Amino acid sequence: MSRAYLVAEGKTDLQILQRLLPGAADVTFVDGRGKYGAESLARSLAATRDLPVALVIDADTTSEALIAQRQQDLISLVDRVSLGAPFEVFQVVPSIETLFFADRSLLEQLINRELTDLEWQLGQRQPRVLLDSVTGNTVLFVQDAIANLSESQLKTLRQHPLIQRLAAFLAMKAQAA
């Protein structure tokens, strides 16, 4: 039985989150099929289900002002229709691939080469651009990397602040449900 919903932008995002979130067996992962679809679906779940909903979307910016405004707008829209169950928006800055940039040596292991300092800096601001340039295809890289992570690599990626906050929200809210 589901005790919470996690809505993300797409299949690849869900694959990453399912692999990195420990103890999420009672969470229903939902593909929003794009940013706006995910936002709409999360609002609908909040309006029709009395279960916690976590919306995970790419910020698509590094501007703190834009991120804060978007956060406020999304929460305000949900508050109007919610049945009162917990709802949280988790914006990944700038995109979900940022998770791989939490640890430089881990990323270098996954791409099988060292990054220059300039590449590392670019990757932190534009992870998809960097991953496309060094792997040829970000989506295939992510799918392969997620499927083949060792336990120690999983442990490292699970230390990312987004994963920590999301896991805490889901655990706390699922227990209260």
Taking the stretch 12-62 and keeping residues of a type in the set (Ser, Thr, Tyr) and farther than 18 Å from Ala171 by Cβ leaves Thr12, Tyr36, Ser40, Ser44, Thr48, Thr61, Thr62
Which residues, taken from the stretch 46-58, are more than 19 Å from Leu21 (Cα to Cα) and either buried (at least 21 other Cβ atoms within 10 Å of the Cβ) or acidic (Asp, Glu) (or both)?
Ala46, Asp50
Under 6 Å between Cβ atoms, at least 6 apart or on separate chains: pull out the pairs that start in the stretch 143-165 with a residue that is closer than 23 Å to Ala54 by Cβ and end on any residue that is acidic (Asp, Glu) and surrounded by 11 or more Cβ atoms within 10 Å (Cβ to Cβ).
Thr156/Asp103
So in the stretch 1-48, with the set limited to residues that are free of Cβ contacts under 8 Å to residues at least 12 places away in the same chain and either aliphatic (A, V, I, L, M) or touching a strand residue (DSSP E or B) at 6+ places or on another chain (Cβ under 8 Å) (or both), which one is farthest from Val142 (Cα to Cα)?
Ala25
Does the stretch 83-92 contain at least one residue that is part of a helix (DSSP H, G or I) and loosely packed, with under 14 Cβ neighbours inside 10 Å?
no
Condition check: assigned to a helix (DSSP H, G or I) and in contact (Cβ under 8 Å) with a residue 12 or more places away in the chain. Does Phe100 satisfy that?
yes
Counting only residues that are among the polar types (S, T, N, Q) and in contact (Cβ under 8 Å) with a residue 24 or more places away in the chain, how many does the stretch 69-92 have?
2
Condition (residue is surrounded by 16 or more Cβ atoms within 10 Å (Cβ to Cβ), touching a helix residue (DSSP H, G or I) at 6+ places or on another chain (Cβ under 9 Å) and part of a loop (DSSP other than H, G, I, E, B)) applied to the stretch 29-45: is it met by at least one residue?
yes
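Where a number appears in this text, it was derived from the coordinates with a stated rule and is not lab data. Predicted model, so just to flag it, every value in this text is computed and none were measured. Counting neighbours? That spans all protein chains shown, and the Cβs are built from the backbone with ideal geometry, glycine included.
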